[in-house]
Amino acid sequence: MTDQDTHIPEAAVAPEEFRAAMSRFPSGVVVVTTRCPDGTPRGFTASSFCSVSLQPPMVLVCLANAADSASTFARCDRFAVSVLRPRHRSLAERFATKGADKFASGGLRPGPGGLLAVERALSVLDCAVHARHPAGDHTVLIGRVTEVRLGEGAPMVYYDRSFRTLA
């Protein structure tokens with residue numbers, strides 16, 4: 001087999017068409033946090049989050065390379081993932097807003113390892129960075145889960161470009 005036999009042509013899918021297709025897939029919403037080397041907290045909202053492995057427990061989250069916190073997450077060794085409930089909508093919007101002071105308005109508290117996590121989150125997973133993979137205009141961040149804290153309630157979901165609740 002030659003390189004020509006294995007070459008797959010690039011699809012001619014417009015970004016807006018792809019975005020519209022993906023908006024039809026509901027997903028959970030998380031806030032991911034870490035700290036800069038000087039201790040400054042950094043974070044972002046994500047809907048691209050899923051489990052990767054049970055043994056060892058691993059998760060992945062996708063971060064836009066243009067995000068304010070991208071350079072910090074490119075160097076961190078730990079991060080926390082807070083799974084959001086509907087009551088966290090304003091916090092999700094704040095962490096999704098480029099240039100916002102994401103940590104000024106509260107709603108977070110330090111976990112046992114010192115990383116900030118969302119208060120009363122549905123669950124919080126503390127992670128050690130396992131790998132980073134470039135993926136187009138995003139980076140796939142894979143974490144080995146080192147601790148789990150469980151809350152109660154229903155999840156917030158992202159569907160058709162807005163935050164929603166399950167019926």
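Residues are listed down the side, and each one gets a yes or a no for (1) of a type in the set (Gly, Ala, Ser); (2) touching a Ser or Thr at 6+ places or on another chain (Cβ under 7 Å); (3) in contact (Cβ under 8 Å) with a residue 60 or more places away in the chain; (4) closer than 21 Å to ASP137 by Cα:
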position: THR40; (1), (2), (3), (4): no, no, no, no
position: PRO56; (1), (2), (3), (4): no, no, yes, no
position: SER69; (1), (2), (3), (4): yes, no, no, yes
position: ARG109; (1), (2), (3), (4): no, no, no, no
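GLY153 versus (1) out of contact with any strand residue (DSSP E or B) (no Cβ under 6 Å at 6 or more places or on another chain); (2) part of a strand (DSSP E or B); (3) farther than 21 Å from GLY39 by Cα; (4) not hydroxyl-bearing (Ser, Thr, Tyr): which is the lone unmet condition?
(2)
What number of residues within segment 37-70 satisfy the criterion of being more than 15 Å from LEU125 (Cα to Cα) and of a type in the set (Val, Ile, Thr)?
1
Select, from ALA104, ALA67, ALA80, ALA92, the only residue that is of a type in the set (A, V, I, L, M), assigned to a loop (DSSP other than H, G, I, E, B) and in contact with a strand residue (DSSP E or B) (Cβ under 7 Å, 6 or more places away or on another chain). Break it down into steps so the answer makes sense when it comes.
Numbers: ALA104 fails: in contact with a strand residue (DSSP E or B) (Cβ under 7 Å, 6 or more places away or on another chain); ALA80 fails: assigned to a loop (DSSP other than H, G, I, E, B); ALA92 fails: assigned to a loop (DSSP other than H, G, I, E, B).
Unique residue meeting the criteria: ALA67.
Filter segment 64-119 down to the residues that are farther than 20 Å from GLY28 by Cα and of a type in the set (Phe, Trp, Tyr), then identify the one that is least open to solvent (accessible area, probe 1.4 Å).
By that ranking, first place goes to PHE73.
Inside segment 8-32, can you point out the residues that are of a type in the set (A, V, I, L, M, F, W, C), open to solvent by 80 Å² or more (accessible area, probe 1.4 Å) and in a helix (DSSP H, G or I)?
If the condition is that a residue be of a type in the set (A, V, I, L, M, F, W, C), open to solvent by 80 Å² or more (accessible area, probe 1.4 Å) and in a helix (DSSP H, G or I), then PHE18, MET22 are the ones that fit.
Only one of (1) in contact (Cβ under 8 Å) with a residue 24 or more places away in the chain; (2) within 16 Å of SER48 (Cα to Cα); (3) open to solvent by 30 Å² or more (accessible area, probe 1.4 Å) fails for SER162. Which number is that?
Result: SER162 fails condition (1) only.
Identify the residue in segment 120-149 that is open to solvent by 80 Å² or more (accessible area, probe 1.4 Å) and touching a Gly at 6+ places or on another chain (Cβ under 7 Å) and, among all such residues, is nearest to LEU91 (Cα to Cα).
ARG120
The values are calculated or read from the model by the stated rules, or taken from the named source; none is laboratory data. Keep in mind it's a predicted model, so treat the numbers as computed, not measured. As a convention, Cβ positions derive from the backbone with ideal geometry for all residues, glycine included, and neighbour counts pool all protein chains shown. For accessibility, only protein heavy atoms count, side chains too; no ligands or nucleic acids. Shrake-Rupley method; radii C 1.70, N 1.55, O 1.52, S 1.80 Å.
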